[in-house]
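Below: one structure, written as structure tokens.
The values are calculated or read from the model by the stated rules, or taken from the named source; none is laboratory data. In this text, all values refer to a predicted model and were calculated from it rather than measured experimentally. Here the Cβ positions follow ideal geometry from the backbone for every residue, glycine too, while neighbour counts run over all protein chains shown.
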Amino acid sequence: MKNRGFTLVELLGVIVILSIIAVITVPLVQRTILENTGEAYNDQVLSFERAARNYTNSDVYNMTRCEPSCSISLKELQEKGYLPSGDIINPKTDEKFDTENVVDITYSGKKFSYNYDTSQDEE
């Protein structure tokens, strides 16, 4: 009668190979996740700035009066329909963005510029 099982050495060999694969892949996966989270956060910030640009474009005449600068909150952008209603989640922290955070709008030389200060999210 022939035994049809694995020997202890074969099982240990498989465990060693799987461990080596895990040691190599886990850091790569973690780094990829962190990079993608950072990119998602940057995309979110860009969407806030685009929403402010669309808001400005909808009423350029009144916006030129806020020279040299003014700001608009994320809440106002949501209420006016330039950002989706509901909670906006920060990809870095998985927490809600504070809707009182603002996008600064600067008007100079017949040109608007938009800046969302990311330090608002570090509080």
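LEU28 meets the stated requirement of being under 29 Å from the mean Cα position of the chain (by Cα), in a helix (DSSP H, G or I), modelled with pLDDT of 90 or more and exposed (fewer than 10 other Cβ atoms within 10 Å of the Cβ). Can you spot a residue in region 67-79 that is touching a Lys or Arg at 6+ places or on another chain (Cβ under 6 Å) and surrounded by 14 or more Cβ atoms within 10 Å (Cβ to Cβ)? No, region 67-79 contains no residue that is touching a Lys or Arg at 6+ places or on another chain (Cβ under 6 Å) and surrounded by 14 or more Cβ atoms within 10 Å (Cβ to Cβ). The residue that is farthest from the chain's Cα centre (by Cα), among those in region 86-123 that are farther than 18 Å from ASP43 by Cα, without any contact (Cβ under 8 Å) to a residue 40 or more places away in the chain and assigned to a strand (DSSP E or B), is LYS111.
With the structure loaded, tell me whether LEU83 is under 30 Å from GLY109 (Cα atoms), in contact with a Leu (Cβ under 8 Å, 6 or more places away or on another chain) and part of a loop (DSSP other than H, G, I, E, B) or whether it fails that test. Yes, satisfied. Of a type in the set (Asp, Glu) and exposed (fewer than 14 other Cβ atoms within 10 Å of the Cβ): is that true of GLU49 in this structure? No: the conditions fail for GLU49. For the residues ARG53, ARG65, the requirement of being of a type in the set (Lys, Arg), without any contact (Cβ under 8 Å) to a residue 12 or more places away in the chain and more than 30 Å from ARG31 (Cβ to Cβ) singles out ARG65.
Residue check: VAL102 meets all listed conditions (1) at pLDDT below 90; (2) surrounded by 12 or more Cβ atoms within 10 Å (Cβ to Cβ) but one, namely (1).
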